[in-house]
1. Limited to the stretch 15-61, what total is found for residues that are among the hydroxyl-bearing types (Ser, Thr, Tyr), closer than 15 Å to Gln72 by Cβ and assigned to a loop (DSSP other than H, G, I, E, B)?
2. For Glu48, are the conditions met, namely being of a type outside the set (A, V, I, L, M, F, W, C) and at pLDDT below 90?
3. Restricting the first residue to the stretch 114-131 and requiring it to be small (Gly, Ala, Ser), which pairs with a second residue that is at pLDDT below 95 meet a Cβ separation below 6 Å and a spacing of at least six or different chains?
4. Counting only residues that are of a type in the set (S, T, N, Q), open to solvent by 30 Å² or more (accessible area, probe 1.4 Å) and either more than 17 Å from Tyr44 (Cα to Cα) or in contact with a Phe, Trp or Tyr (Cβ under 7 Å, 6 or more places away or on another chain) (or both), how many does the stretch 12-34 have?
5. May I ask you to say which residue of Tyr96, Tyr146 is of a type in the set (Ser, Thr, Tyr), touching a strand residue (DSSP E or B) at 6+ places or on another chain (Cβ under 9 Å), open to solvent by less than 60 Å² (accessible area, probe 1.4 Å) and not in a loop (DSSP other than H, G, I, E, B)?
6. Return the total of residues in the stretch 144-174 being in contact with a Phe, Trp or Tyr (Cβ under 7 Å, 6 or more places away or on another chain) and under 27 Å from Met196 (Cα atoms).
7. From the list Glu155, Glu136, Glu187, which residue is touching a Pro at 6+ places or on another chain (Cβ under 8 Å) and among the charged types (D, E, K, R)?
8. Can you tell me which residue is most open to solvent (accessible area, probe 1.4 Å) among those in the stretch 46-64 that are of a type in the set (Val, Ile, Thr) and under 21 Å from Pro30 (Cα atoms)?
Amino acid sequence: MQADTLSIKRVFIDLLSIKEQVKNYFIHDPAYSTLVKFMCAKDYYNDENIEIPSLTQVSNETGLASYKIRKQLTEIHEALFNYETKYPLKFPKVEYVFYLKSYKVNATFTTHFLHQLPRIGENIIIPFLKGKLNNEYFFVENINHYFEGTTQRVEIYIKDGTYNLYWNLKKHEALETGEISFTDTYEKYEFQLKEMVGIRKY
């Protein structure tokens, strides 16, 4: 989809989410420097206390006409996300966030280095949270990768017990057919979910 068919507000927000990279490539270009400096002046994307400005507000703050702002945002967007782009994005920082759940007790911890990324279905032993979770044996249920700024955040979701391929397939089938909801997977115990989809509790 071309940038000019998108909402220009959406283009603006998308660029704010990687403003460090926009700054790196365009801050010294006279054609874009005024707009880029404005984008980087505040943390519009992450700070909940700062509203993302409208194009009118950007125009008033920068002195740029609205049509120029639209044109510059579109050009930056196209330059970054064109198939033959000369501006490759870089995410040199990596953050691993572990989300653990044992029954209805949750815990989390963050690290910036792992020798090896755990994979879905693999078993993990984490003894340093046994006091909080009353358990140290877990398995990887899901992994999400989130890209923002110059950081790749890897979110690793871990549950107590051991991985069961049959139950994993059955649970996802039940989600697709509506037998259970995503809310159920967060609020109910595993044995309750199994009963909901007709798997006998032993």
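1. Count: 1.
2. Judged against the criteria, Glu48 is a match.
3. Gly121/Tyr163
4. Number of matching residues: 1.
5. Tyr96
6. 8
7. Answer to the selection: Glu136.
8. Thr62
The values are calculated or read from the model by the stated rules, or taken from the named source; none is laboratory data. Everything numeric in this text was worked out from a predicted model, so none of it was measured. Reconstructed Cβ throughout: ideal geometry from the backbone, glycine too, with neighbour counts over all protein chains shown. Side chains included, ligands, DNA and RNA excluded: accessible areas come from the protein's heavy atoms. Shrake-Rupley method; radii C 1.70, N 1.55, O 1.52, S 1.80 Å.
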